[in-house]
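Take a look at the structure below.
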Amino acid sequence: MDWFGRHRRPLPWRRSRDPYRIWVAEVLLQQTRVAHAVPYYERFLARFPTVHSLANARPSTVLKLWQGVGYYSRARHLHAAARVIVRERAGRFPRTVDELENLPGIGPYIARAIAALAFNAPVVALEANGRRVAARWWAERGDVRSLRVSQRLARRLEEVLPAHRADQFNEALMELGETICRPRDPKCARCPVRRHCRAYALLDDPGSLPRSGKREPRPHVVAAVIVAESGGRYLVQRRPPTGLLGGLYEFPGGKVGARETAREAARREWTEEVGTSAPSLAGAGVVRHAYGHFTVELHIFRGRVSADRQPTLRREQRWVRPNELMRLPLPRATEKIAEKLGIGEPVVRIGIGA
Ligand code: SF4
């Protein structure tokens, strides 16, 4: 903690002990690196400075602000939990781990982080950085991604947690993992805890811990997408509110089956989703994108729908002008398609897209 007092980075979420701000930061940081999270954090807080302002926002506004950091269920859960806090608790933030875990999208780590950082509750919030430091500190050889090992490490840390300083302790642990005890090539020579570190004492390469099981390869999805235009407007549809990329807008389309070409899939998807036979389709190239948990290869087809062949749209479908399209919350791959086809103004991005 002395080391942390001297070396802590001046990150924007460290300026305040406000549980709302800590919560937003922790949710962002769960799947986004610090450098990329900072501008999104500042933009989110500028637009929604309080839990009340977030609760009162429209879902599509929240999703649009989240566009570019990915894992949109995080934004949907933030919004849902803000509404619970405002409607059921008059805006008062829960203070205990149990109460916090009852909110939508708040799991054990975030609940502990808020309890420790905002309310100084005597708990350890163990994310990937802290887990790595702890695993090396005790030369843990088990798989740290398993619940059993992770809980063992958290219990050990709680035994050495200093009274009334849980906020500092947790932040110091995370900072040590982020800046010194890096996943590869830990900077042991500069490490403030190396005198007590068992990996440093026992191993030629302390970075060889923690061991983890093999990662599954990311699934790869091949899909056909139809960019249909009618009178200067484009057909888009909103995805179901929950699940993958929930609530975001995209062009009609879907997976290419094992026994069909991308063009056949495009025609089939159009009929299934729009309810008419597909317009004449022209190939417009391929867009590839890697999301955090899967990769996509989108085969794009353009089509024109004449005024006398207008389909009856479903509730989640609409024709939009290019500038309206760019104001909707879009998956990054859809944004890439619009950019490739020159539809709408280029989007100003403030971080690495997800
Ligand atoms: S001594 Fe090295 S391995 Fe041990 S905690 Fe410090 S940086 Fe990590």
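The values are calculated or read from the model by the stated rules, or taken from the named source; none is laboratory data. What you are looking at is a predicted structure, and each value in this text was computed from that prediction instead of being measured. Note that each Cβ is placed from the backbone with ideal geometry, even for glycine, and that neighbours are counted across all protein chains shown. The accessibility values were calculated without ligands, DNA or RNA, using every heavy atom of the protein model including side chains. Shrake-Rupley method; radii C 1.70, N 1.55, O 1.52, S 1.80 Å.
Brief remarks on what is shown
- With 0.36 nm allotted per residue and the present C-alpha distance subtracted, the Gln30-Arg315 stretch has 99.3 nm of extension available.
- Convex hull per residue volume in Å³, alpha carbons only, for segment 1-92: 99
- Kirkwood-type hydrodynamic radius, segment 47-110: 12.1 Å, calculated from all non-identical alpha-carbon pairs.
- Gained length - Trp3 relative to Glu88, 0.36 nm times residue gap less alpha-carbon distance: 26.5 nm
- Each of Ser277, Ile226, Pro329 was scored by the projection of its Cα onto the charge dipole of segment 220-341, and the greatest displacement toward the positive side belongs to Pro329; charges sit on the C-beta of Lys, Arg, Asp and Glu.
- Per residue value of the accessible surface for segment 220-341 (all protein chains in place, 1.4 Å probe), Å²: 48
- Segment 91-236, accessible surface, carbon-and-sulfur percent (1.4 angstrom probe): 48
- Alpha-carbon spread of the chain, three principal axes, descending order, Å: 76, 50, 32
- Heavy-atom accessible area ranking, 1.4 Å probe, most first, across His36, His79: His36, His79
- Eigen-decomposition of the gyration tensor built on the alpha-carbon atoms of segment 122-176 gives equivalent ellipsoid semi-axes of 18, 11, 9 angstrom, largest listed first.
- For segment 1-136, the residue among Gln67, Pro104, Ile114 whose Cα projects farthest onto the positive side of the dipole built from Cβ charges is Gln67.
- Checking every one of the trypsin sites (Lys or Arg not before Pro) in segment 236-279 against DSSP loop status and a limit of 14 other Cβ atoms within 10 Å picks out Arg259.
- Loop-resident sites, segment 202-236, for trypsin sites (Lys or Arg not before Pro), counting at most 11 other Cβ within 10 Å (DSSP): Lys214, Arg215
- Placing R0 at 25 angstrom, the Cβ-Cβ distance between Ala189 and Arg14 gives a FRET efficiency of 0.45 after rounding to 0.05.
- Taking all C-alpha pairs of segment 266-329, those more than 18 Å from each other amount to 55 percent.
- Dipole magnitude for the chain: computed about the Cα centre from +1 point charges on Lys and Arg Cβ and -1 point charges on Asp and Glu Cβ, it is near 380 debye.
- Among the chymotrypsin sites (Phe, Trp or Tyr not before Pro) found in segment 201-301, those both in a DSSP coil and sparsely packed, with 13 or fewer other Cβ atoms within 10 Å of their Cβ, are Phe294.
- The chain: angle of helix 73-89 to the longest principal axis, Cα-based, in degrees nearest 10: 70
- Taking each DSSP H run with n ≥ 4 as -39500 (n - 2.57) and averaging over every residue of the chain yields -12500 deg cm²/dmol at 222 nm.
- Solvent-accessible surface (1.4 Å probe) assigned to Val296 amounts to roughly 10 Å².
- Rg/Rh, computed from the Cα trace of segment 220-341 with Rh as the Kirkwood radius, has the value 0.93.
- Distance from the alpha carbon centroid of segment 18-82 to that of segment 149-170 works out to 27 angstrom.
- The share of Cα pairs per 5 Å bin across segment 2-208, counted from zero up to the longest distance, runs 1, 7, 15, 19, 19, 16, 11, 7, 4, 2, 0, 0 percent.
- Taking other residues whose beta carbon is less than 13 angstrom from the beta carbon of Arg314, and scoring Lys, Arg as +1 and Asp, Glu as -1, yields +1.
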